[in-house]
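For reference, the structure discussed in these notes is given below.
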Amino acid sequence: MKELAADLDALCRRMRGEHRVALAVHEKPDTDALGAASGMLDLFGQLGVDAELFVSEDELLPLGDVLVPAGRVRRGAPPADAALYALDSGNPDRLALPSWGDVAVNIDHHHDNPRYGELAFVRGEASSTSELVCDIARALDLRPSPQAAAALYAGISFDTGHFHHDSTSPSTFRTAAWLVELGVDVTGMYALLYESRSEASLRLWARAVAGARAVAGGRALLAAVTREDLAVTGAGPEETDGIVDSLRGVDGVEVAALVKEQTDGARVRVSLRSETIDVSAVAALRGGGGHKLASGFSSDDSSEEVIAWLSSELERRLSTASS
């Protein structure tokens, strides 16, 4: 049997010895965060450990009713007697919780994760946190249930752009194949993730794309989604997913940014995508982070101010990068 890495071995031993666990994900959780949570809930269930996912009262969980087992989500702060496991969050300050104590375990795949917590299982080269949860399952010699396997597959598919981002490795495909062998409906999952858009979301996309601004001679595209756009189209804030990737897919575009006005919390949130430059370094200038080619940040500035700053910063960076 292949010897486990020290951190993975320590994590498996800790998981087997837990009595009560509170899982947490980053604010505005995406499919990878929820897929990883579903996988961990299943593993703890098989180990006989009481585990639940805790989130803030008003946190939206896109596809949460499909990805996360019914009755396993609690709104509010985790109990003091539960070991806190942070999933898919490069920064503990981004956890989708109203309050919390010390982080016991940090499981993540963001390269800029500072390895906080008592125990950190972080792999910056991994495609997704969902793939890491699959590694944990195999190390524990456990097989995820069909629902958990589907959620983990969804997380991997989402964070790899359906297996085309450069983080997609041979092990990513092997893991996806393993999940399919466990019963994942590949066609149905693709339809759920990529073919279930509303007419309102299409109208929202059209407004965002129509207003996109070219920067650095067309090497970057910046677009915005305002509260007015949401009101006029009837789309929900979660239906902005994919817009920034469609902008990045335009021929000749190396960097794309989407500035989204928020209805609560920070004034705007920004998503960045690239093929050539480290956009996590750009996000870090405004207190954000993420992956080198897919990052983001939040700001209390207006959307116009953020777009002006991004235009200047991307113009500067692209002008010094090779064409």
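Quick notes
- Coupling constants for the stretch 250-260 follow from the phi torsions by the Karplus curve (6.51 cos²θ - 1.76 cosθ + 1.60, θ = phi - 60°), and in residue order they are 5, 4, x, 8, 9, 9, 10, 9, 10, 9, 10 Hz; glycine and proline get x.
- Charge dipole (debye, nearest 20) of the chain; +1 at Cβ of Lys and Arg, -1 at Cβ of Asp and Glu: 300
- Listed residue (Ala86, His165, Leu193) projecting farthest to the positive dipole end of the chain, Cβ model: His165
- In this simple spin-label approximation, His19 and Gln46 carry label points 7 Å from Cα along the Cα→Cβ vector, and these lie 2.5 nm apart.
- Ranking Ser274, Ser312, Ala208 by Cα position along the charge dipole of the stretch 180-323, where only Lys, Arg, Asp and Glu carry charges on their C-beta atoms, puts Ser312 farthest toward the positive end.
- Net charge dipole, the stretch 136-214: roughly 280 debye, given to the nearest 20, about the Cα centre with Cβ charges of +1 for Lys and Arg and -1 for Asp and Glu.
- R0 of 30 Å, Cβ-Cβ distance Tyr190-Ala210: FRET efficiency to nearest 0.05: 0.60
- Note on the chain: Kirkwood hydrodynamic radius from all Cα pairs is 20.2 Å, rounded to one decimal.
- Dividing the helix sum by the residues of the chain, where each DSSP H run of 4 or more adds -39500 (n - 2.57), gives a mean residue ellipticity at 222 nm of -12000 deg cm²/dmol.
- In a simple Cβ point-charge model (Lys, Arg +1; Asp, Glu -1; nothing else charged), the stretch 244-323 has a dipole of about 220 debye relative to its Cα centre.
- Taking other residues whose beta carbon is less than 15 angstrom from the beta carbon of Ser56, and scoring Lys, Arg as +1 and Asp, Glu as -1, yields -3.
- All-pairs alpha carbon distance profile, the stretch 199-320, 10 Å steps from 0, percent: 15, 50, 31, 4, 0
- Taking 0.36 nm per residue of sequence separation and removing the Cα-Cα distance, the His162/Arg197 pair yields an extension gain of 11.0 nm.
- The chain - percent relative contact order, Cα under 8 Å, separation 6 or more: 12
Since every read-out is calculated from the coordinates, none of them should be taken as a lab result. Since we're looking at a predicted model, the values are computed, not measured. All Cβ positions, glycine included, derive from the backbone under ideal geometry; neighbour counts span all protein chains shown.
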